[in-house]
Each structure stands twice: as structure tokens, then as C-alpha cells.
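This report concerns only the one structure given below.
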Amino acid sequence: MDKYKATIGLEVHAELKTKTKVFCSCLNSADEVRPNINVCPVCMGHPGTLPVLNKEAVKHVLKVGYAIGANIADFTEFDRKNYFYPDIPKGYQISQYKYPLVSGGELAGVKITRVHLEEDTARSTHDTGDYSLVDFNRAGLPLMELVTEPVIHSAEEASNFAKELQLLLRYLGAGDANMEKGEMRVEANISVSPESKVLSQKLGTKTEVKNLNSFKVVEKAIAYEIKRQIALLENGEKVIQETRGWDEAGQKTYSQRIKEDSHDYRYFPEPDLPKLKLSEISEFKKEILEKELGELPWQKRERLQKNFALKAEDAEIFVQSKNLADYFESVIKACKSNAKLVKLSANYILSDYLGLLKNDTTGATISKIPPENFAKLMQMVADNKLSSRGAKDTLLALFTEGGEPEAVATTRGLIQKSDEGELIKVVLTVLEANPNAVADYRSGKESALQFLIGQGMKATRGGANPDVLKKSFVAGLAQVK
């Protein structure tokens, strides 16, 4: 049996975050639930109307290009992609074909073919029985299409690439890319062939699986399609070039239509939009746009691990949530970047504080506890003023009621008792009440000491410093006959 290798290329569509649509002044509102509200003669394709290009949408695509180290076009133009479907009001889509804004580049180890700008289609609803409904609010939204080279070889690799692209768009402020809202849609071109043919660059017939709307679905659909194609080839059958969809209920892909080639769309230059010479437009100059990029996800990932010695998995949680990362960095700034406090802060933020936020029903945000107060709490832990239990209780009180950490901990009796003179009194009381444990310890049972320390912690309601308490018990046992 031949060993097969999968080859995958992705096409990702992402709606861009702008105030208005790409060719008209209708609002670009992801929160609008009323159908056909944000529409006008331009985005509805009425005769005699003319499109006007949204500069902000172009800037977003160019920033993506600079972020991935791509080639930025100097000359670019738009084209008409002709096809007929109810969600295309003009009977064609304004897109880019021969002269995209961006070409080349690399993201997450995957080479990019091109990134271009086009208009989104309307949204169709087919689950109404004998008819379909079309909502044109989405028609004309600025849509970025990114096409990768066919260099991906697993479903997991494809999903990871899509996640990194979503993260990049969010860091750049180019789009929210929420897949569950349809703001980012993934299409996968998949082929399999024997490894001997892959080595000679002879790839198999590809199928395209469209509109994959979650990272899990991306993985499941690609994995299924790879297995389906291998089974066909093993049975001596041919893979047909076609477009397929994903059936979530059946957990399988299904045929939709024979795949079109580019010539089927009869591309030609859009006559109603001017051709662009980007170097002549001040807002699109490289030095301006590169300054606006800010820190990119992979740069933050590397910096957090290098500067703060964070574990890779902890750094990744911060990278995935910019707000959380900003809060963490505000806390460690207040801690003056003390290495011990940095480690404590990361641990308490990622476990205890995130747990409180996830279980909260009042809509609290990460900044509910000011970073300065969180830093003071960490300092108290580092100074052994609070035990782990005391720190958790103080954190909960700060979250629910607010206040200054030291005052809150003092009021609740959570400050650790480290005065040996005070603790020895507790120790002597515990030893007198537990003669059997004392006898066991003297006969060599070390576990008896742990029992006695536990009784001491109970007597101080967890307020004793464990190290000082242990030292006091050893001293107390030496005194008691």
C-alpha cells in the first residue's frame, strides 16, 4: 500500500473593521440584527450608481501585508468577478484578480500567495421551508481574502494557521474575525497523492471545502476529506475536482457543485473604480503604516518568554488575550519587574483571578482590581505576610468588595502570624492537648509532627506562618517532657 501525503492550501475571508462599507457610506455594523437596514442603491446594485473606495479598508490589508513581510503593490486595480447568485445583487462581485494589494509573505511558517480586498456578499438563509431569505446588510462589507501556498500537510497545521491569522487581525485592529459570527470564513483546497508523486511535485486532484466556520470544523473537515480521498484512490477510483460543504450532523463533507476555474468568472477590470498608484497616496506610505502596526503576536510571544521567563503555555494565554496581557504588564510594572513577583503575578492572574472573572455574573472586567493593588497583594505573599490560602481569600474580598489589600487582609484576620513568642503559646497548648502524638513523635514517627503542625494551623485559623510554626513546634517539643 502506498503512503499518501496530503497537500492543503487555504483561502480565508475576513471582514474588516471600518465605519462604512467598502464602496458606499452604509454602516458596517456587526451588531445589526434587523435585516436589510444598512443598505443603499450602491450596495444593492441599482443601475446608474457608482462605487467609491474606502481608504481604511485598503490600509487594513496593507498593514497585514507589512506584518507578514509581503510584497506591497505599487500599482493595483479592482476587477469584476462575474457570477449569478441571489446574494450578489449586481450579478458580479468587485474583487481583485491580476493586481492584488499584497503578494508573498509568510505567517506561522506558511507561505502566502496573495492578500486582496473585495466586497462581501449578502447573507442567505435556507432553513425557512420552501423559500430562502436574503439579508443585504452584509453585502458590500470590506472583505479581505488571503490565499496560502499549498504547503500545509495536516488538519492541525491548517487550524493553527487560521488561529494565528485571527490573532493578527485583532492585534492590528483590522477585524474581530469571530468565526461564529461569520466574520472569518475558511475554505480549504485539499489533495492527496502517493508520497513518491509528491516528491516529484505531482499533486493529486483537489477538492475545495467551503465555509468552515470554526477552528474545530476546519480540523474535522480537512481530516475527513483526506481520509475520503485516500479511500477513493485505494479503491482505484478518481477524485473529482469539485466544491464540497461540511455536514456537521453527519460529520462528513458532501458534494455541492463542480469546481469552477478562474476563466469561468470572466474577470475584467472594474471600469467604475480608478486604478491606484499606492506610492502617490500619502496615507498608504510604508513608514506611516509600519509605525501603526504595534507589537505583533509572535513578537509579544517571544518577549514575554524572554523578558519574564514565562512558560510557553502561560505566555500563549497572555498573547491570546491582549487585555489580559496589558493587565499583567501593568501589574509587573507596579512590581518593578521583580522576578519573584513576576512569577507570583502570572500564577495568581492565570489561575485564581481568571477563575473569579469566569464565574462572575456581574460583567466585571479584568481591571476590577487595579493593577497597583494586585501588585501590593503579590508583595504581601512574597513577604510571607499572607499564606496561599490567605492570599486567595484576600483576592476574593478585593474582587467582591474592593479596598486596599493590607487593610482587607488585616480586617479578616488573614495576616500570617510570624511572632515566635506568640506562636509558642499556641504550640504548648496543642502539645498538652495531644500527648499521644507527642509520644509518637518521640518514638520516631515523623508524621506525628505534621499532625501537630496541622492542629496548630487549625488553632490559628490558618493564620500561622507554616515555617515559623514548624520551628516553634520543634522548640516546644524540646521543652515538653
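The values are calculated or read from the model by the stated rules, or taken from the named source; none is laboratory data. Since we're looking at a predicted model, the values are computed, not measured. Every residue, glycine among them, receives a Cβ derived from its backbone with ideal geometry; neighbour counts consider all protein chains shown.
Restricted to the range 241-275, and to residues there that are aliphatic (A, V, I, L, M) and at pLDDT below 95, the residue that is farthest from Ala221 (Cα to Cα) is Ile258. Among the residues of the range 191-223, the ones that are closer than 15 Å to Gln256 by Cβ and in a helix (DSSP H, G or I) come to 1 in all. For the range 277-299, filtered to residues that are assigned to a helix (DSSP H, G or I) and basic (Lys, Arg), the residue that is surrounded by the most Cβ atoms within 10 Å (Cβ to Cβ) is Lys286.
Close contacts from the range 106-117, counting a first residue that is among the charged types (D, E, K, R) and a second that is surrounded by fewer than 22 Cβ atoms within 10 Å (Cβ to Cβ) and in a strand (DSSP E or B), with Cβ to Cβ under 7 Å and a gap of 6+ residues or different chains, come to Arg114/Ser103; Arg114/Val147. Screening Asp272, Asp314, Asp352 for residues that are over 30 Å from Tyr171 (Cα atoms) and among the charged types (D, E, K, R) leaves exactly one candidate, Asp272. Cβ-Cβ distances below 9 Å connect the following pairs, each with a first residue in the range 282-305 that is closer than 21 Å to Leu107 by Cβ and free of Cβ contacts under 8 Å to residues at least 24 places away in the same chain, a second residue that is aromatic (Phe, Trp, Tyr) and in a helix (DSSP H, G or I), and a separation of six or more residues or different chains: Arg301/Phe318; Leu304/Phe318; Leu304/Phe328. Summed over the range 249-265, the residues that are surrounded by 12 or more Cβ atoms within 10 Å (Cβ to Cβ) and in a loop (DSSP other than H, G, I, E, B) give a count of 2. If you go through the range 211-227 and keep only what is of a type in the set (Val, Ile, Thr) and touching a helix residue (DSSP H, G or I) at 6+ places or on another chain (Cβ under 8 Å), you end up with Val218, Ile222, Ile226.
Within 19 Å of Tyr224 (Cβ to Cβ), assigned by TED's automatic domain parsing to the domain that holds Val58, touching a residue at least 12 places away in the same chain (Cβ under 8 Å) and aliphatic (A, V, I, L, M): does that describe Ile258?
On the way: within 19 Å of Tyr224 (Cβ to Cβ): no; assigned by TED's automatic domain parsing to the domain that holds Val58: yes; touching a residue at least 12 places away in the same chain (Cβ under 8 Å): yes; aliphatic (A, V, I, L, M): yes.
Against the criterion (within 19 Å of Tyr224 (Cβ to Cβ), assigned by TED's automatic domain parsing to the domain that holds Val58, touching a residue at least 12 places away in the same chain (Cβ under 8 Å) and aliphatic (A, V, I, L, M)), Ile258 does not qualify.
Scanning the range 204-215 for residues being surrounded by fewer than 20 Cβ atoms within 10 Å (Cβ to Cβ), within 20 Å of Ala14 (Cα to Cα) and free of Cβ contacts under 8 Å to residues at least 40 places away in the same chain gives a total of 3.
Could you go through the range 14-29 and let me know if any residue there is in a strand (DSSP E or B), closer than 30 Å to Leu203 by Cβ and either hydrophobic (A, V, I, L, M, F, W, C) or touching a residue at least 60 places away in the same chain (Cβ under 8 Å) (or both). Yes: one or more hits. Every condition in (1) within 18 Å of the chain's Cα centre (by Cα); (2) surrounded by 14 or more Cβ atoms within 10 Å (Cβ to Cβ); (3) not charged (D, E, K, R) is met by Asn323 except one, and the failing one is (2).
Listed conditions (1) touching a residue at least 12 places away in the same chain (Cβ under 8 Å); (2) over 26 Å from Ser29 (Cα atoms) are all met by Gly129, apart from (1).
Residue by residue through the range 403-416, note down the ones that are assigned to a loop (DSSP other than H, G, I, E, B) and either under 32 Å from the mean Cα position of the chain (by Cα) or of a type in the set (Val, Ile, Thr) (or both).
Passing the criteria: only Ile415.
When the criteria are applied in full, Gly175 fails the requirement of being of a type outside the set (Lys, Arg), surrounded by fewer than 16 Cβ atoms within 10 Å (Cβ to Cβ) and outside any helix (DSSP H, G or I).
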